[in-house]
1. Scanning for something of a type outside the set (A, V, I, L, M, F, W, C), farther than 19 Å from Glu263 by Cβ, surrounded by fewer than 17 Cβ atoms within 10 Å (Cβ to Cβ) and not assigned by TED's automatic domain parsing to the domain that holds Ser285, does segment 37-46 turn up at least one residue?
2. Without any contact (Cβ under 8 Å) to a residue 40 or more places away in the chain, of a type in the set (A, V, I, L, M), touching a Leu at 6+ places or on another chain (Cβ under 8 Å) and at negative phi, is that true of Leu289?
3. So, in segment 95-143, how many residues would count as being touching a strand residue (DSSP E or B) at 6+ places or on another chain (Cβ under 8 Å) and modelled with pLDDT of 85 or more?
4. Among the helices (runs of 4 or more DSSP H) confined wholly to segment 213-306, which include 3 or more residues that are more than 18 Å from the chain's Cα centre (by Cα) and among the charged types (D, E, K, R)?
Amino acid sequence: MRLVVNRDSEIPLFLQIEQQIRYLILSGQFPPGTRLPSSRQLAQFLHVNRRTIDNALRVLAKDGLIEIRQGAGIFVKTRSSQIVQPSEALLELARHAVQQAREMGYAPDDLVSALYLVRNSNDDVPLPPNGRYLIFVECNQPVLESYKNDIEKEVDIKVIPYLLDELREGNQAVQSVIAGASLVVTTFTHLHEVKQLLKGQAVDIVGVTAGPYVDLMLSVSKWPATASVTVVMVRRQGALEVAQSLIDAGISFEGLTYFGLEEPECEAQIKRAEYLIVSRAAYKSVQPLLKPQQKVLIYENVLDRASLNMLRNMLAVNERKAEGV
């Protein structure tokens with residue numbers, strides 16, 4: 001597989017990778033059933049973060065081009081077809097858009113990034129011009145969606161979700177959206193890094209906590225110190241963060257391990273463990289492997305009430321300031 005990334009481009013790395021794989025599939029170079037390299041192999045080959053590869057693969061899977069089979073690999077799913085040549089009218093529209101972007105001081109890559117953001121937005125509603133929206137940053141897509149839904153339901157504000165990798169890539173279009181927000185919100189786990197990545201932004205950046213951590217700590221603290229405990233999340237990074245939270249809280253076990261579902265050794269470890277902490281998103285895959293004698297705690301990513309109230313109050317204060325009250 002011949003893939004290249006341009007680190008000087010404004011186009012996010014994951015989008016560069018996604019578009020190249022998409023071309024190889026649609027052009028027939030990768031026919032249906034072709035097994036693609038694993039995310040780990042692609043990350044090593046391209047010298048990029050593994051989550052960058054996961055983001056690219058997630059887009060391809062969502063569009064029905066590939067199928068990610070847990071424990072089996074990544075396979076081309078779609079029927080190969082010739083890439084359709086754009087009509088002259090569409091090409092002219094593209095030329096006009098590029099010219100307008102240049103006149104406004106933007107490079108073609110900036111335009112591509114902006115089009116990607118529009119194409120992949122959750123709905124067709126434009127961003128409120130008065131900055132009545134906030135940004136939530138998280139490293140894990142399922143967790144990010146869960147927090148987004150919590151805030152939109154409880155605080156009544158539009159939430160623009162970004163993965164931490166999208167901030168790390170320094171995309172200018174993303175930075176522009178962030179600059180117009182009322183707040184940037186992340187969990188305390190990522191607060192320091194997010195502040196560093198956005199140190200040039202004038203927007204307020206705040207940290208929030210997840211309610212399940214308190215209940216989780218109380219329940220897990222009752223398990224014997226000699227227990228074999230395994231934390232399982234969709235992604236290894238999420239499992240690591242929960243395991244680290246246990247250690248930081250002074251809760252230790254003789255055998256504490258953590259895995260993401262994509263890791264080959266995860267299944268065997270699930271079967272061996274006496275106690276498991278499993279995210280709601282991962283539970284469906286874990287459930288068939290469980291034995292009756294195993295103790296399982298399901299971890300759900302829900303923001304605590306105090307954090308939601310804090311966001312509500314901060315937004316109200318910012319709105320009063322904007323109105324000059």
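1. Scanning segment 37-46 turns up no residue that is of a type outside the set (A, V, I, L, M, F, W, C), farther than 19 Å from Glu263 by Cβ, surrounded by fewer than 17 Cβ atoms within 10 Å (Cβ to Cβ) and not assigned by TED's automatic domain parsing to the domain that holds Ser285.
2. Judged against the criteria, Leu289 is not a match.
3. 6
4. By residue number, 266-272.
The values are calculated or read from the model by the stated rules, or taken from the named source; none is laboratory data. Predicted model, so just to flag it, every value in this text is computed and none were measured. Note that each Cβ is placed from the backbone with ideal geometry, even for glycine, and that neighbours are counted across all protein chains shown.
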